[in-house]
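**Student:** Pasting a structure below so you can have a look.
Every number in this text was worked out from the coordinates using simple rules, so none of it is lab data. Just so it is clear, the structure is predicted and the values come from calculations on it, not from any experiment. Here the Cβ positions follow ideal geometry from the backbone for every residue, glycine too, while neighbour counts run over all protein chains shown.
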Amino acid sequence: MFRIFAEPASSILSKTSGFIAEAGFSHSLTPARNCTFGCTYCYVPTMRIYAGLKPADWASWGQFTTFKQNAADLLRRAIRGGESVYCSPLVDPYQPVEEQQRLMPAILEVIAARPPRVFTIQTRGPLILRDLDLLRRAAERTDLRVSFSLTTNREQVRRWYEPHCAPFEERLEVIRALRAAGIRTFATLAPILPCDPEEFAAAALEATAENLIGDPFHNRRSKPHGATTREQAERVSGVRGFEQWHDPAFQAEVVARIAGVARSRGRQFGIGPAGFRWLACSAENR
Ligand code: SF4
C-alpha cells in the first residue's frame, strides 16, 4: 500500500544542469517528490539531496510520494514564455496516484494559457490519455511532445524490473493513441532492459513516427559520479542471469543492433543527451 502526501512547494521551475541541460532544456518541472512506480533501476534516489529528496525518499523509494499541491499556481507565476521545459527528470508526472491528485490537468491549463517555447512530458503512465484534450490544446500553443518510456518487449522481464508499470503492449497502444491525436510522441527505450533488440526496436518504430531515443543501464564502472542505476536492479540482474546487460561492451552491441533496425526504416536511434535533444529543440530549430 502506497502512502500519499501533499504539501505546498516554494518553487516549481528549476534551471537545468547536467544531462537535461546538455540535451537543451532550460528548465525542469517536477510535480511531486518520490514516485510510486518504484522502478528497480530508477536513478533518482541515487542522487539523494541533489534531486531535492529527503532521506526517507531514498530509503523508501517508491513506497510513498509527496505531491506539490500548489504546482499550477507556482507555474502560473514563474513561467515567462521562452523556456524549454522537461517534465520531469525526477518523477513520473503520470504515476498512478496522479489519477486522484489531478495536478497535471491544472499544469496543462497553465501551459496552454502561458506557453513556454517547448514543453516535454516524460512518462511511462497510460494515465496520460486521460488528459488528451488538454494535451491537444497545449500543443496548439507550444511545441509539446511526449517521451513515452518503453523498456523491454519481454513481459516477464518487465515484471521483474518494474512490476508497477504497464505491460509493453499497453504502452505501445498509448503511443499510438497519442500519435493519432496529433501529439508528437517519441518512444524512449530507457533504460534498455534485457530484451530482443530487433523485435523491440521494430515494435517501437511501428508505434511512433519519430526517431527512437534510448539509454542502456547507467553503470558505476563507466560513470563514477552522478546518477546511476539503483542497486535493486543490479540484484535482479544477478539473480536472473542478466549481468551482461550492465556491461558497456555488451550494451554497445545492443545499441548498434537497435540502431541498425532504425536505419533500415530510415530513422535514427539517439543515445543519451544526443537523443534527448530531439525532445528539446523547437520546431523552428529542428
Ligand atoms: S517512473 Fe521514472 S521516476 Fe518513477 S520510479 Fe520509474 S524511473 Fe523512477
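**Student:** I'd like the antiparallel share, as a percent to the nearest 5, of DSSP beta bridges with both residues in the chain.
**Tutor:** 15 percent
**Student:** Using alpha-carbon positions, what is the distance between the centroids of segment 207-286 and segment 1-77, in Å?
**Tutor:** 22 Å
**Student:** What is the diffusion coefficient of segment 1-146 in µm²/s, taking the Kirkwood radius over Cα pairs and the Stokes-Einstein relation at 25 °C with a viscosity of 0.890 mPa s?
**Tutor:** For the chosen part, D equals 161 µm²/s.
**Student:** Hey, what did segment 213-276 get for relative contact order, percent, Cα under 8 Å, at least 6 apart?
**Tutor:** It rounds to 42 percent for segment 213-276.
**Student:** Taking a ≥ b ≥ c as the square roots of the Cα gyration tensor eigenvalues, with a/c under 1.5 meaning rounded and otherwise prolate when a/b beats b/c, else oblate, which class fits the chain?
**Tutor:** Since a/c reaches 1.5 but b/c is at least a/b, the shape of the chain is classed as oblate.
**Student:** Under 8 Å for C-alpha pairs, at least 6 residues apart: give me the relative contact order for segment 50-147, rounded to a whole percent.
**Tutor:** It rounds to 29 percent for segment 50-147.
**Student:** Rank these for me by crowding, His225, His164, going from fewest to most other beta carbons within 10 Å.
**Tutor:** Result, fewest neighbours first: His225, His164.
**Student:** In nm, give the distance between the simple-model label positions of Ala78 and Glu231, each being 7 Å from the Cα along the Cα-to-Cβ direction.
**Tutor:** Once both label points are built, they end up 3.2 nm from each other.
**Student:** With N set to the residue count of segment 101-242, report its C-alpha Rg divided by 2.2 N^0.38 Å to two decimal places.
**Tutor:** Computed over Cα atoms of segment 101-242, the ratio equals 1.14.
**Student:** In the chain, which whole DSSP H runs stretch at least 20 Å along their own axis (Cα) and average 0.0 or higher on the Kyte-Doolittle scale?
**Tutor:** Helices meeting the criterion: 248-264.
**Student:** I would also like to ask the following. Return a whole-number percent for the relative contact order of the chain, with Cα pairs under 8 Å and 6 or more residues apart as the contact set.
**Tutor:** 19 percent
**Student:** Something else now. What area, in nm² and to one decimal, does the C-alpha convex hull of segment 67-175 cast on average over all directions?
**Tutor:** Seen from a random direction, the Cα hull of segment 67-175 projects 6.8 nm² on average.
**Student:** While we're here: Where a Cα-Cα gap under 19 Å defines reach, which aspartates and glutamates qualify for Lys223, not counting those fewer than 8 residues away within the same chain?
**Tutor:** Glu22, Asp215, Glu231, Glu234, Glu243, Asp247, Glu253
**Student:** Return the distance in nm (one decimal) between the two label points of a simple spin-label model at Asn219 and Asp133, each offset 7 Å from Cα along Cα→Cβ.
**Tutor:** It works out to 4.8 nm between the two label points.
**Student:** Another one. For Phe217, Phe148, which order do you get if you count the other beta carbons within 10 Å of each Cβ and list the fewest first?
**Tutor:** Arranged by neighbour count, lowest to highest, Phe217, Phe148 become Phe217, Phe148.
**Student:** If R0 is 30 Å, what FRET efficiency do you get for Arg3 and Gln156 from their C-beta distance, rounded to 0.05?
**Tutor:** Computed FRET efficiency for Arg3 and Gln156 comes out at 0.55.
**Student:** Which chymotrypsin sites (Phe, Trp or Tyr not before Pro) in segment 39-121 pass both tests, a DSSP loop state and at most 14 other beta-carbon atoms within 10 Å?
**Tutor:** Of the chymotrypsin sites (Phe, Trp or Tyr not before Pro), not one in the loops of segment 39-121 has a Cβ with at most 14 other Cβ atoms within 10 Å.
**Student:** Related question: Given the DSSP H assignment, sum -39500 (n - 2.57) over each helix run of at least 4 residues in the chain and divide by its residue total; what's the result at 222 nm in deg cm²/dmol, nearest 500?
**Tutor:** -11500 deg cm²/dmol
**Student:** Sort the following peptides by mean Cβ neighbour count (other Cβ atoms within 10 Å, averaged over residues), highest first: 27-36, 10-19.
**Tutor:** 27-36, 10-19
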